[in-house]
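**Student:** I have a structure here, written as structure tokens, and I will follow up with some questions on it.
The values are calculated or read from the model by the stated rules, or taken from the named source; none is laboratory data. This structure is a prediction, so every number in the text was calculated from the model and none was measured. Cβ coordinates were reconstructed from backbone atoms using ideal geometry, including for glycine residues, and neighbour counts include every protein chain displayed.
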Amino acid sequence: NAGVTQTPKFQVLKTGQSMTLQCAQDMNHEYMSWYRQDPGMGLRLIHYSVGAGITDQGEVPNGYNVSRSTTEDFPLRLLSAAPSQTSVYFCASRGLWNNEQFFGPGTRLTVL
Amino acid sequence: GDSVTQMEGPVTLSEEAFLTINCTYTATGYPSLFWYVQYPGEGLQLLLKATKADDKGSNKGFEATYRKETTSFHLEKGSVQVSDSAVYFCALSDNGQFYFGTGTSLTVIP
């Protein structure tokens, strides 16, 4: 049981490049979400999903896309990276009726 | 809207000192309250939680009591260790949404 896994752990992009951050969970959780962590700002919700085929925006969705084709996977896409997207990104999952979230180890992204 | 306010850091303590990290919240409903811990280079891990007023969550010597009258959920530990050095996040869950505080960095020195 690996829990929540994220790849890559580190990434450096140039402004304007695109990339996908991968997230997978093996706990059969319906609810998955993406957060970004910035100094002094805690965690802010980017997008979330309550099940396959269903996604919704969080607090800071601009510049990011998500899709949920399976229960296990919830990739986050940066369409055209900007320096303001330099951050640490965390994926999390939980059961739909359980309020305990499980977090992945994070992806540290730098946009030059 | 819902929000969490927690004590600014960083906090530096000597080993075996008493720890308090303050957390207060604003919520429209009846939230569950959490403390998460983040060790260097890792994701957040649930430390403890409380789901209703007057509940006390506890784990690894840490405790926090859900105080509805003061809308608080302060984290305490009687005797900290070097291994407790980490960032601590207070959070609430209300209607399925999570709200996190800004985090408090704790360093424990031998």
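**Student:** Just for the range A:72-90: of the residues that are in a strand (DSSP E or B) and not aliphatic (A, V, I, L, M), which one is surrounded by the most Cβ atoms within 10 Å (Cβ to Cβ)?
**Tutor:** First, pick out the residues of the range A:72-90 that are in a strand (DSSP E or B): A:73, A:76-78, A:87-90.
Those left that are additionally not aliphatic (A, V, I, L, M): A:73, A:77, A:87, A:89-90.
Values: A:Asp73: 14, A:Arg77: 14, A:Ser87: 21, A:Tyr89: 22, A:Phe90: 25.
Of everything passing the filter in the range A:72-90, A:Phe90 is surrounded by the most Cβ atoms within 10 Å (Cβ to Cβ).
Per-residue answers, yes or no, for (1) more than 11 Å from the chain's Cα centre (by Cα); (2) over 23 Å from B:Val4 (Cβ atoms):
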residue: A:Gly16; (1), (2): yes, yes
residue: A:Gln22; (1), (2): no, yes
residue: A:Met27; (1), (2): yes, yes
residue: A:Ser33; (1), (2): no, no
residue: A:His47; (1), (2): no, no
residue: A:Val60; (1), (2): yes, no
residue: A:Thr70; (1), (2): yes, yes
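**Student:** Quickly run through the range A:43-57 and pick out the residues that are part of a strand (DSSP E or B), surrounded by fewer than 20 Cβ atoms within 10 Å (Cβ to Cβ) and either at positive phi or not polar (S, T, N, Q) (or both).
**Tutor:** A:Arg44, A:Val50, A:Gly51, A:Ile54, A:Asp56
Okay, residues lined up against (1) crowded, with 19+ Cβ neighbours inside 10 Å; (2) among the small types (Gly, Ala, Ser):
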site	(1), (2)
B:Thr71	no, no
B:Val80	yes, no
B:Ser83	no, yes
B:Ala86	yes, yes
B:Ala91	yes, yes
B:Tyr99	yes, no
B:Gly103	yes, yes
B:Thr107	no, no
B:Pro110	no, no
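**Student:** Also: Select, from B:Leu13, B:Leu48, the only residue that is more than 17 Å from A:Phe90 (Cβ to Cβ), in contact with a Gly (Cβ under 9 Å, 6 or more places away or on another chain) and either at pLDDT 95 or above or in a strand (DSSP E or B) (or both).
**Tutor:** Numbers: B:Leu13 fails: in contact with a Gly (Cβ under 9 Å, 6 or more places away or on another chain).
Result: B:Leu48 is the single residue among B:Leu13, B:Leu48 that is more than 17 Å from A:Phe90 (Cβ to Cβ), in contact with a Gly (Cβ under 9 Å, 6 or more places away or on another chain) and either at pLDDT 95 or above or in a strand (DSSP E or B) (or both).
**Student:** Quick one: in the range B:60-110, of everything that is in contact with a helix residue (DSSP H, G or I) (Cβ under 9 Å, 6 or more places away or on another chain) and in a loop (DSSP other than H, G, I, E, B), which residue is nearest to A:Trp97 (Cα to Cα)?
**Tutor:** B:Lys60
**Student:** A further question follows. Can you pull out the residues in the range A:3-37 that are surrounded by 13 or more Cβ atoms within 10 Å (Cβ to Cβ), outside any strand (DSSP E or B) and more than 12 Å from chain B (Cβ to nearest Cβ)?
**Tutor:** A:Gln17, A:Asp26, A:Met27, A:His29
**Student:** Quick check on my filter: what residues within the range A:100-112 are within 14 Å of chain B (Cβ to nearest Cβ) and either buried (at least 19 other Cβ atoms within 10 Å of the Cβ) or outside any loop (DSSP other than H, G, I, E, B) (or both)? It would help to see each step written out before you state the result.
**Tutor:** Of all residues in the range A:100-112, those within 14 Å of chain B (Cβ to nearest Cβ) come to A:100-108.
Correct list: A:Gln101, A:Phe102, A:Phe103, A:Gly104, A:Gly106, A:Thr107, A:Arg108.
**Student:** Quick one: A:Gly40 ticks every box in (1) farther than 19 Å from B:Leu44 by Cα; (2) without any contact (Cβ under 8 Å) to a residue 40 or more places away in the chain; (3) part of a loop (DSSP other than H, G, I, E, B) except a single one, so which number is it?
**Tutor:** Of (1) farther than 19 Å from B:Leu44 by Cα; (2) without any contact (Cβ under 8 Å) to a residue 40 or more places away in the chain; (3) part of a loop (DSSP other than H, G, I, E, B), only one is false for A:Gly40: (1).
**Student:** Scanning for something in contact with a helix residue (DSSP H, G or I) (Cβ under 8 Å, 6 or more places away or on another chain) and more than 14 Å from chain B (Cβ to nearest Cβ), does the range A:66-81 turn up at least one residue?
**Tutor:** Of the residues in the range A:66-81, the ones in contact with a helix residue (DSSP H, G or I) (Cβ under 8 Å, 6 or more places away or on another chain) are A:78.
Now drop any that are not more than 14 Å from chain B (Cβ to nearest Cβ), which leaves A:78.
Yes, some residue in the range A:66-81 is in contact with a helix residue (DSSP H, G or I) (Cβ under 8 Å, 6 or more places away or on another chain) and more than 14 Å from chain B (Cβ to nearest Cβ).
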